[in-house]
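The values are calculated or read from the model by the stated rules, or taken from the named source; none is laboratory data. Since this is a predicted model, take the numbers as computed values, not measurements. No Cβ is skipped: glycine too gets one built from the backbone with ideal geometry, and neighbour counts run over all protein chains shown. Note: areas computed on protein heavy atoms with side chains; ligands, DNA, RNA excluded. Shrake-Rupley method; radii C 1.70, N 1.55, O 1.52, S 1.80 Å.
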Amino acid sequence: MKLLFAIVHHEDAGSLVDALLDQEHRATRLQSSGGFLKQSNATIMLAVEDEKVEAVLAIIRESCHSRSQVVNPMPPIMEPGEFFMPFPLEVEVGGATVFVVPIERFERV
Ligand code: 2BA
């Protein structure tokens, strides 16, 4: 059995959870935020049988889309007379970042 953590855009999280539930996969949605952009995203956590991992990854691929986001860099600490021109930076935020880790033991009590 594997534990999947899928970090996804918050706009994709609802449809991803619905698609997982449609295929009878149990999932937990956690509110999270990216360390780099500091914007809210969602972490979907689900435990699945080994043979279902690829099917779950396919659902994640179908439900999650990559997007370009523009970041305004923080201005540095300036000395008097110095000048800072902030250039917005465009980053590609992936459809999903997925970690697949082994589960040693799983119980529902
Ligand atoms: P963020 O950390 O907010 O990163 C958003 C996007 O910014 C990233 O998209 C990447 O394109 C860019 N980015 C991140 N760190 C960067 C850096 N040091 N320099 C330049 N660009 C950078 P994704 O790679 O698709 O990641 C989307 C979200 O997935 C991340 O949001 C973070 O919440 C999570 N994530 C990605 N890689 C991770 C990892 N190795 N461990 C834990 N979480 C991760």
Can we say residue 70 is open to solvent by 60 Å² or more (accessible area, probe 1.4 Å), under 24 Å from the mean Cα position of the chain (by Cα) and farther than 18 Å from residue 3 by Cβ?
yes
Residues of the range 37-54 being open to solvent by less than 70 Å² (accessible area, probe 1.4 Å) and either within 11 Å of the ligand (Cβ to nearest atom) or more than 15 Å from residue 5 (Cα to Cα) (or both), in sequence order, are 37, 40, 41, 42, 43
Subset of the range 22-36 (residues that are open to solvent by 40 Å² or more (accessible area, probe 1.4 Å) and either in contact (Cβ under 8 Å) with a residue 24 or more places away in the chain or within 10 Å of the ligand (Cβ to nearest atom) (or both)):
23, 33, 35, 36
Whichever residue in the range 6-21 is within 21 Å of residue 91 (Cβ to Cβ) and open to solvent by 60 Å² or more (accessible area, probe 1.4 Å) and, among such residues, is farthest from the ligand (Cβ to nearest atom)
11
Checklist (1) away from the ligand (no atom under 13 Å from the Cβ); (2) out of contact with any helix residue (DSSP H, G or I) (no Cβ under 8 Å at 6 or more places or on another chain); (3) farther than 17 Å from residue 2 by Cβ; (4) open to solvent by 60 Å² or more (accessible area, probe 1.4 Å) applied to residue 92, failing item:
(1)
